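Input: a single structure, listed below in structure tokens.
The values are calculated or read from the model by the stated rules, or taken from the named source; none is laboratory data. The structure presented is a predicted model; accordingly, all values stated were derived computationally and were not measured. Don't worry about glycine lacking a Cβ; one is built from the backbone with ideal geometry, like all the others, and counts go over all protein chains shown.
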Amino acid sequence: MAILLVEPNDARRPVTQRFLHRAGYMIEAVPTAALARQQLARRRFEFVLLAQHLPDGDGLTLLREATRRDDHSAAFIILTGTDEVEDRLRGFAAGADDCLAGSVPLVELERRLRAIARQRYGRQRPRIHFGEGFELDLAGRRLRHGSQAVELSRSQFDLLHHLLRHRGRPLTREQLGAHIGKGTNEGSNYIDVHIMNVRKALARYAAPDFLQTVRGVGYQAA
């Protein structure tokens, strides 16, 4: 599942981002409302973790804007930063799915994410179907072709998911490397090797023609 974390605290933001990434979530983290609006306009998220107080505005204003959009589908969790009941009530009144103190333990936050996902999806797991018979199970972090499991490393799974989330949009090697937590200092061919290995894994079951090289840019999923 994809999460947008909107957290102005420079110390708390990377800690939360790392924890949720290790828990298996795809996560983007930004410090301001302006950057959050850009992310929400570019792609869809299953969850938005939104601090109530941001340096360039009120998080609840951003929540109200999002819930008025026709394509609104994300679950919003407001991080109030206080234990005041009034702050939580304002969050719920604005349309939040849950309101938690900003200092909530990360283990508890992740449990709330799972609880809301169960309420929204029931027994269904979010899946992406692509190529010739492939299915990406996001909650279970599994790739299958028909009844057969396709083995991918964590980085390869995250790379494939990111490309599928942005189907039709070329992504640079730098963007892909940043998404899986690898900078350019890992070597210029780091992403190329990952893509080659993903293609090899998929080719055992069906042609991976949907995974395209964009000359001079990077890669895209068709």
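Going through region 147-175 one residue at a time, which ones are of a type in the set (A, V, I, L, M), within 21 Å of Ala206 (Cα to Cα), surrounded by 16 or more Cβ atoms within 10 Å (Cβ to Cβ) and more than 14 Å from the chain's Cα centre (by Cα)? Working first, answer last.
The first filter runs over region 147-175 and keeps only residues of a type in the set (A, V, I, L, M), leaving 149-150, 152, 159-160, 163-164, 171.
Those still in the list that are within 21 Å of Ala206 (Cα to Cα) too: 149-150, 152, 159-160, 163-164.
Okay, now just the ones that are also surrounded by 16 or more Cβ atoms within 10 Å (Cβ to Cβ), so 150, 152, 159-160, 163-164.
Result: Val150, Leu152.
Just one of the numbered conditions (1) under 21 Å from Gly218 (Cβ atoms); (2) at pLDDT below 85 is not true of Arg125; which one?
Arg125 satisfies every listed condition except (1).
Considering Thr32, Thr67, Thr61, Thr80, which residue is outside the structural domain of Leu160 (by TED's automatic domain parsing), in contact with a helix residue (DSSP H, G or I) (Cβ under 7 Å, 6 or more places away or on another chain), free of Cβ contacts under 8 Å to residues at least 40 places away in the same chain and of a type in the set (S, T, N, Q)?
That would be Thr80, the only listed residue that is outside the structural domain of Leu160 (by TED's automatic domain parsing), in contact with a helix residue (DSSP H, G or I) (Cβ under 7 Å, 6 or more places away or on another chain), free of Cβ contacts under 8 Å to residues at least 40 places away in the same chain and of a type in the set (S, T, N, Q).
Would you confirm whether or not region 52-69 contains a residue that is surrounded by fewer than 19 Cβ atoms within 10 Å (Cβ to Cβ) and within 23 Å of Ile128 (Cβ to Cβ)?
Looking through region 52-69, at least one residue is surrounded by fewer than 19 Cβ atoms within 10 Å (Cβ to Cβ) and within 23 Å of Ile128 (Cβ to Cβ).
Just one of the numbered conditions (1) out of contact with any Asp or Glu (no Cβ under 6 Å at 6 or more places or on another chain); (2) hydrophobic (A, V, I, L, M, F, W, C); (3) free of Cβ contacts under 8 Å to residues at least 24 places away in the same chain is not true of Val48; which one?
(3)
If I ask for residues that are more than 23 Å from Arg22 (Cα to Cα), without any contact (Cβ under 8 Å) to a residue 24 or more places away in the chain, buried (at least 17 other Cβ atoms within 10 Å of the Cβ) and under 19 Å from the mean Cα position of the chain (by Cα), which ones from region 87-146 would you list?
Asp97, the sole residue that qualifies.
Filter region 3-51 down to residues that are of a type in the set (A, V, I, L, M) and surrounded by fewer than 17 Cβ atoms within 10 Å (Cβ to Cβ) and give me whichever is farthest from Val104 (Cα to Cα).
Top of the filtered list is Ala41.
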